[in-house]
Amino acid sequence: MSTSPLFHAAKINQLQLTNRLVVAPMTRVSASEDGIASERMVRYYEDFARGGFGLTISEGIYIDDQWSQTYAFQAGMINARQAEAWRKVTDAVHRQGGKILAQIQHAGALSQGNHYQHETVAPSAIQPMGEQLPFYRGEGDYPQPRALSDAEIHQIIDSFADAAERAIKDGGFDGIEIHGANGYLLDQFLTRYTNQRSDKWGGDTAGRMTLNLAVIAAVRARIGDTVPLGIRISQAKVNDFQHKWQHGEADARTVFSLLGDSAIDYIHVTEHEAWQPAFAESPLSLAALARQFAPGKILIANGGLHQVDKAERLLDQGADLIALGRGALANHDWPQRVKNQAPLREFDRTLLAPIADIKASELPS
């Protein structure tokens, strides 16, 4: 029986967790066309809790009927029907003794399957790098976005708060994660080359963090002080995998110090290999930098940590919780397997092909 610190109890705000193992948010495009979480999603999320994960973070959930939807067949949180469908998911997770957070998301310029709108929006009218993702039903270049007005930005802030409140009160979620990573709207505002604004939403790194901080404040005001609230942060993007912050460790200091002073409970950092140095000029990982510059926040680390020794190394670097993506997909019961010293299955990439929806083979028979 494993005695790893991964199995020590943890706490985010008032939420008690049985261990430090988290299912990372992973896009699975398995809802209905109009954003209703499916029965297959109920069984999928329930299985992670059954397998021993203390916490699951949902796939990104869109927040309005305007420009936020990122992928076709993505689940939303904009009306009662969508919230009721998610309630079936959260009830199933709770029956297995697990906890679940809602990750709320706005696509910005990287929308490739919006049920409500055809145009896309962004901080600035900059053509996105790369091409749409075929395993999420995309094809060809991303559309050219238009720049958001100040009034539209305030509307988006309100939509984040609306979706968060609905997720807690009606969807049955235990907390909220704001998606500020991977090239989506909030990350587009943080990123220098996608945000060329000269108003309060742009400028230097601190200025480009203004929208993230405004969303955090609005969501916290709506859900109250005792509900867990976090934000996911990355350098890499789904359309720019090698991206690094321009000013390296100085940008990390700015980003994480501002988040450290905000109303979030945790920071969720994701890198391809979370233990690697974040910048060429520094030996520290992004997780270690987050710990250094936001010492008072819970820290979740994600990125290639499905081997126990690597996960424990991140705990040594200051992470409080470890989020698994590929490792969890391959082993819905990863915690139980590791605890009982049973072998782990290797991740099979064909699981996400040709479309990254939930396959029947992933579900309990």
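When each pair of different Cα atoms in segment 71-175 is counted once in the 1/r mean, what is the Kirkwood radius in angstroms, to one decimal?
15.4
Taking 8 Å as the Cα distance limit and 6 or more residues as the minimum spacing, I'd like the relative contact order of the chain as a percentage. Intermediate values should be presented prior to the final figure.
On the way: 854 pairs, mean separation 66.8, N = 365.
Value for the chain: 18 percent.
Tally Lys and Arg at +1 and Asp and Glu at -1 over the other residues with C-beta under 11 Å from the C-beta of Met26: what net charge comes out?
For residues surrounding Met26, the net value is +1.
Could you order the peptides 153-159, 105-111, 343-349 from most to least packed, using the average number of other C-beta atoms within 10 Å per residue?
105-111, 153-159, 343-349
With semi-axes √(5λ) of the Cα gyration tensor in Å as the read-out, I listed [x] 32, 25, 21; [y] 34, 21, 20; [z] 28, 24, 20; which label goes with the value calculated from this structure?
Comparing each candidate, only [z] matches the computed number.
Over segment 142-249, what is the relative contact order in percent, taking alpha-carbon pairs closer than 8 angstrom and at least six residues apart?
Computed value for segment 142-249: 33 percent relative contact order.
Determine ³J(HN,Hα), in whole Hz, for all residues of segment 188-204 in sequence, where each value follows from phi through the Karplus function 6.51 cos²θ - 1.76 cosθ + 1.60 and θ = phi - 60°; x replaces Gly and Pro.
4, 5, 6, 7, 4, 6, 9, 10, 10, 6, 10, 8, 5, 8, x, x, 6
Say the dipole of the chain comes from +1 at the beta carbon of Lys and Arg and -1 at that of Asp and Glu; which of Gly325, Gln103, Met209 then lies farthest toward its positive end?
Projecting each Cα onto the dipole axis, the largest value belongs to Gly325.
Would you check the accessible area of Tyr142, probe 1.4 Å, heavy atoms only, in square angstrom rounded to 10?
10
Distance between Cα centroids, segment 152-176 to segment 34-76: provide it in whole Å.
Each part's Cα centre sits 15 Å from the other's.
Report the one residue of Val227, Leu314, Gln188 whose Cα lies farthest in the direction of the positive end of the charge dipole of the chain (charges on C-beta: Lys and Arg +1, Asp and Glu -1; origin at the Cα centre).
Farthest towards the positive end: Leu314.
What would the Debye formula give as log10 I(q)/I(0) at q = 0.15, 0.17 Å⁻¹ for the alpha-carbon point model of segment 114-238, no solvent?
Scattering profile of segment 114-238, log10 relative to I(0): -0.77, -0.96.
Cross-link partners among lysines for Lys244, C-alpha distance below 19 Å, same-chain residues fewer than 8 apart left out?
none
Would you mind giving the average projected area, over all directions, of the Cα convex hull of segment 223-365 in nm² with one decimal? Mind dumping the intermediate values first?
On the way: hull surface 43.8 nm².
The orientation-averaged projected area of the Cα hull of segment 223-365 comes to 11.0 nm².
Hey, rough spin-label estimate for Ala342 and His115, points 7 angstrom out along Cα→Cβ, what's it come to in nanometres?
Rounded to a tenth, the inter-label distance reads 3.7 nm.
Per DSSP H run of at least 4 residues, take -39500 (n - 2.57); add these up for the chain, divide by its residues and hand me the 222 nm value, nearest 500 deg cm²/dmol. Could the numbers behind the result be given before it?
On the way: 11 runs with 112 residues, N = 365.
About -9000 deg cm²/dmol.
Among Lys310/Lys339; Lys88/Lys297; Lys11/Lys169, which pairs are too far apart, with a Cα-Cα distance over 26 Å?
Lys88/Lys297
Work through the residues other than Asn182 whose Cβ is under 14 Å from its Cβ and net out their charges, Lys, Arg +1 and Asp, Glu -1.
That works out to -3.
When the chain is fully extended, how far beyond the present Cα-Cα distance does Ala353 get from Arg192, taking 0.36 nm per residue of separation? The partial results should precede the final answer.
Working: separation 161, 0.36 × 161 = 57.96 nm, distance 3.29 nm.
Full extension of this stretch gives 54.7 nm more.
Let me have the relative contact order for segment 1-152, percent, based on Cα pairs under 8 Å that are six or more residues apart. Show your work: numbers first, answer last.
Numbers: 322 pairs, mean separation 31.6, N = 152.
Once divided by the residue count of segment 1-152, the mean separation gives 21 percent.
Per 0.36 nm of contour for each residue apart, how much would the distance between Glu281 and Phe241 grow if the chain were fully extended, relative to their Cα-Cα spacing?
Working: separation 40, 0.36 × 40 = 14.40 nm, distance 1.94 nm.
That pair, Glu281 and Phe241, stretches by 12.5 nm at full extension.
Mind ranking 164-173, 232-241 by how tightly packed they are, going by the mean number of other C-beta atoms within 10 angstrom, highest first?
164-173, 232-241
Return the FRET efficiency for the residue pair Ala360, Gln96: r is the Cβ-Cβ distance, R0 is 22 Å, and the value is rounded to the nearest 0.05.
0.65
Please give the contour-minus-distance gain from His272 to His8: 0.36 nm per residue of separation, less the Cα-Cα distance, rounded to one decimal in nm.
Contour length minus Cα-Cα distance gives 92.5 nm.
Would you kindly find the accessible area of Arg28, with a 1.4 Å probe and non-protein molecules such as ligands, DNA and RNA excluded, rounding to the nearest 10 Å²?
Surface accessible to solvent at Arg28 totals approximately 0 Å².
Just by accessible area at a 1.4 angstrom probe, what is the order of Leu258, Leu148 from largest to smallest?
Output order, biggest surface exposure first: Leu258, Leu148.
Grab the other residues whose beta carbon is less than 13 angstrom from that of Asp162, score K and R as +1, D and E as -1, and report the net.
With Lys, Arg at +1 and Asp, Glu at -1, the net is -2.
The values are calculated or read from the model by the stated rules, or taken from the named source; none is laboratory data. Predicted model, so just to flag it, every value in this text is computed and none were measured. Here Cβ is always computed from backbone atoms with ideal geometry, including for glycine, and neighbour counts include all displayed protein chains. Ligands, DNA and RNA are excluded from the accessible area calculation, which covers all protein heavy atoms including side chains. Shrake-Rupley method; radii C 1.70, N 1.55, O 1.52, S 1.80 Å.
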